[in-house]
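**Q** Before I ask anything, here is the structure I am working with.
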Amino acid sequence: MVKVVKFGGSSLADAKQFCKVRDIVTSDTNRKYVVASAPGKRDSHDTKVTDLLLLCFRLAKEKRSIDETFAKIENRYRDIIKDLELDFSLDEDLAGIKIAILNHAGSDYIASRGEYLNAKVLANFLGFPFVDAEDGIFFDEKGVLDLERTNRKLAKILSLHEFAVLPGFYGVSPDGTVKTFSRGGSDITGSIVAGAVGADLYENWTDVSGMLMADPRCIKDPKPIPEITYRELRELSYMGATVLHEDAIFPVRKAQIPINIRNTNEPEAPGTMIVHKASSNTVDTVITGIAGKKGITAIHIEKDMMNSELGFGRRVLEVLESHGVSFEHLPSGIDTMSVLVTSDSISECKGSITAEIVKKVDPDSITLVENLSLIAVVGRGMSGTEGIAARIFTALANAHINIRMIDQGSSEMNIIVAVEEKDHQKTLETIYNEFIKD
Ligand code: ASP
């Protein structure tokens with residue numbers, strides 16, 4: 001059995017955390033390939049090393065001194081090495097990186113050094129070889145991950161090592177320069193490594209004991225989700241529930257490798273399993289999770305006989321496309337069509353979008369409803385269970401919440417309601433209490 005384990009920045013923020021990581025890795029010899037993030041925050045006032053590196057990049061660009069900021073980075077690593085009592089030094093690497101920053105190296109290269117250095121420390125601490133992501137993770141000319149080439153090369157390199165530590169967050173472009181994923185991208189590296197070696201499990205170690213059924217900022221002590229399918233996760237993440245980088249799913253999803261979200265600070269907790277297909281006996285609630293996002297605007301369009309007007313929908317959507325606006329949802333009736341978009345995406349072009357829709361489809365009316373919130377109720381247990389929608393609507397009606405719109409995905413795995421932003425919190429609470437409480 002092969003497990004790929006990724007540790008996030010807070011799991012590798014200082015020597016104490018490194019020791020927890022060592023205990024986790026060495027307690028299971030199947031944990032063979034370890035992906036490391038850069039040192040994260042030690043407390044809420046701290047700064048991530050990646051942010052310090054990016055600050056150095058900006059200071060150098062503005063021709064200001066990087067000495068003070070770079071010293072903070074050096075100290076983070078020196079403290080970890082000293083506290084772990086390692087007979088190892090990063091001085092040469094650090095000096096080279098400082099020169100590169102002063103010589104205006106690219107921001108991706110500079111940002112990637114946090115992972116590079118931390119993986120080197122962790123490799124030394126665990127006694128595992130260090131394998132650089134630059135040697136095995138490839139982007140193409142357009143900056144898109146070349147998954148095929150990456151899989152081939154990584155599989156080849158890692159077949160030479162029983163155990164290894166790799167830095168997360170970056171790979172290499174065809175011109176040989178380092179390229180990073182977007183922020184939080186070490187999750188993607190872990191997933192790529194798991195896919196490349198055909199791992200049985202990808203463990204993603206962070207500082208929460210898995211995914212919760214609702215945002216703890218909105219619901220007090222929400223229950224954890226023991227098991228969630230990739231598709232459910234996608235629905236919830238799209239609505240703002242974050243536990244993993246969005247792009248971290250596809251490399252393992254393709255290979256049907258489950259992801260286990262675990263907590264470095266509470267290693268006994270089972271965390272959340274993200275799976276291709278749920279084991280049937282684990283659904284004890286019809287709902288897997290609830291998530292919501294504010295800042296939505298609905299464009300309501302009405303026109304008599306709209307349904308028989310060929311190309312009506314296309315012409316409306318083309319107007320949005322020409323303004324670079326993508327739509328979130330599209331609930332429609334026979335003679336009405338509503339296009340839900342994020343308010344931010346149309347803030348600059350509301351007027352011209354409305355005017356152009358009027359010109360293109362000549363509607364009887366067009367209205368913009370702003371300050372809406374979308375709440376998604378997601379659960380594989382919902383499909384085939386009668387009365388779920390009725391329970392949601394009854395509960396919301398009893399709580400005097402006005403539902404502005406309803407959208408049910410054809411998979412019957414999610415029901416989305418639009419409510420006024422002022423009802424966001426109350427809607428989440430009401431649905432949570434209806435289905436999940438006790
Ligand atoms: N260190 C990078 C960041 O802060 C990548 C990561 O931690 O996943 O975004």
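The values are calculated or read from the model by the stated rules, or taken from the named source; none is laboratory data. As the structure is a prediction and not an experimental result, all values here were calculated from the model. Note that we place each Cβ from the backbone using ideal geometry, even for glycine, and neighbour counts take in every protein chain shown.
**Q** Tell me, please, whether a residue that is at pLDDT 95 or above and surrounded by fewer than 20 Cβ atoms within 10 Å (Cβ to Cβ) can be found in the stretch 371-380.
**A** yes
**Q** Run down 51, 83 and say which single residue is modelled with pLDDT of 95 or more, away from the ligand (no atom under 16 Å from the Cβ) and acidic (Asp, Glu).
**A** After ruling out the rest, the residue left standing is 83.
**Q** Would you check which residues across the stretch 123-136 are closer than 18 Å to residue 192 by Cβ and either buried (at least 21 other Cβ atoms within 10 Å of the Cβ) or basic (Lys, Arg) (or both) and list them?
**A** Scanning the stretch 123-136 gives 131, 133, 136.
**Q** Can you tell me which residues in the stretch 1-43 are among the charged types (D, E, K, R) and outside any helix (DSSP H, G or I)?
**A** 3, 6, 14, 28, 31, 32, 41, 42, 43
**Q** Go through (1) touching a strand residue (DSSP E or B) at 6+ places or on another chain (Cβ under 6 Å); (2) within 16 Å of the ligand (Cβ to nearest atom); (3) over 30 Å from residue 105 (Cα atoms) and name the single condition residue 171 misses.
**A** All conditions pass for residue 171, except number (3).
**Q** Restricting attention to the stretch 281-300, does a residue exist that is over 26 Å from residue 427 (Cβ atoms) and buried (at least 17 other Cβ atoms within 10 Å of the Cβ)?
**A** Checking the stretch 281-300: not a single residue is over 26 Å from residue 427 (Cβ atoms) and buried (at least 17 other Cβ atoms within 10 Å of the Cβ).
**Q** Just to be sure, is residue 154 assigned to a helix (DSSP H, G or I), over 22 Å from residue 53 (Cα atoms) and not basic (Lys, Arg)?
**A** So residue 154 passes the test.
**Q** While we're on this one: Looking at residue 306, is it among the aliphatic types (A, V, I, L, M) and over 24 Å from residue 183 (Cα atoms)?
**A** So residue 306 fits the description; yes.
**Q** OK, next. List pairs: first in the stretch 238-254 and β-branched (Val, Ile, Thr), second part of a helix (DSSP H, G or I), Cβ under 6 Å, 6+ apart or cross-chain?
**A** From residues that are β-branched (Val, Ile, Thr), the pairs are 249/230; 252/191; 252/194; 252/195.
**Q** Among the candidates 61, 32, which residue alone is away from the ligand (no atom under 16 Å from the Cβ) and closer than 29 Å to residue 197 by Cα?
**A** After applying the criteria, what remains is 32.
**Q** Mind checking whether some residue in the stretch 203-217 is within 15 Å of the ligand (Cβ to nearest atom) and among the aromatic types (Phe, Trp, Tyr)?
**A** yes
**Q** Given the conditions (1) at negative phi; (2) surrounded by fewer than 21 Cβ atoms within 10 Å (Cβ to Cβ); (3) at pLDDT below 90, report the number of the one that residue 243 does not fulfil.
**A** That leaves (2) as the condition not met.
**Q** May I pose another question? Being within 16 Å of the ligand (Cβ to nearest atom), of a type in the set (S, T, N, Q) and buried (at least 24 other Cβ atoms within 10 Å of the Cβ) is true for just one of 237, 182, 191. Which residue is that?
**A** Answer to the check: 191.
**Q** Would you check if there is a residue in the stretch 279-302 being of a type in the set (Val, Ile, Thr) and touching a Pro at 6+ places or on another chain (Cβ under 7 Å)?
**A** The answer is yes, given that some residue of the stretch 279-302 is of a type in the set (Val, Ile, Thr) and touching a Pro at 6+ places or on another chain (Cβ under 7 Å).
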